[in-house]
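Novice: First the structure, then my questions, so here it is.
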Amino acid sequence: MSQTSLPPRVCSHCDGFPVVHITTGTHTPDGQRRTLAATCPTCKGTGTRTTSPVSPAEVSA
C-alpha cells in the first residue's frame, strides 16, 4: 500500500527542536535550577513548517 501524505517539513530555524529550556543560574528554595522556556518564533513551537505559497501582500509588507 502506498503512502499518500508527505512527512511534515522540519523547521529550518530550530531544526526540529522548537522549545528549549535555558538555565538562569539561580536555584529554587528546594535546590532545583530555575529555567526559562524559549520557543522558536518561526514555527511557534511546532517544530515543523508549512509549505504554503507566499502571497503578494506578505512580500510587500
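The values are calculated or read from the model by the stated rules, or taken from the named source; none is laboratory data. Since the structure is predicted, the reported quantities are computational estimates derived from the model, not experimental observations. Note that we place each Cβ from the backbone using ideal geometry, even for glycine, and neighbour counts take in every protein chain shown. Keep in mind that these areas ignore ligands, DNA and RNA; they rest on the heavy atoms of the full protein, side chains included. Shrake-Rupley method; radii C 1.70, N 1.55, O 1.52, S 1.80 Å.
Novice: Looking only at the stretch 23-38, which residues are open to solvent by less than 90 Å² (accessible area, probe 1.4 Å) and in a strand (DSSP E or B)?
Specialist: Within the stretch 23-38, THR23, THR24, GLY25, THR26, THR35, ALA37, ALA38 meet the criteria.
Novice: Out of the stretch 7-20, which residues are surrounded by 10 or more Cβ atoms within 10 Å (Cβ to Cβ) and either of a type outside the set (A, V, I, L, M) or farther than 12 Å from ALA38 by Cβ (or both)? Steps first, answer last, please.
Specialist: Keep residues of the stretch 7-20 that are surrounded by 10 or more Cβ atoms within 10 Å (Cβ to Cβ), which gives 8-20.
Scanning the stretch 7-20 gives PRO8, ARG9, VAL10, CYS11, SER12, HIS13, CYS14, ASP15, GLY16, PHE17, PRO18.
Novice: With the structure loaded, tell me whether THR42 is at pLDDT below 90 and open to solvent by 80 Å² or more (accessible area, probe 1.4 Å) or whether it fails that test.
Specialist: It is false that THR42 is at pLDDT below 90 and open to solvent by 80 Å² or more (accessible area, probe 1.4 Å).
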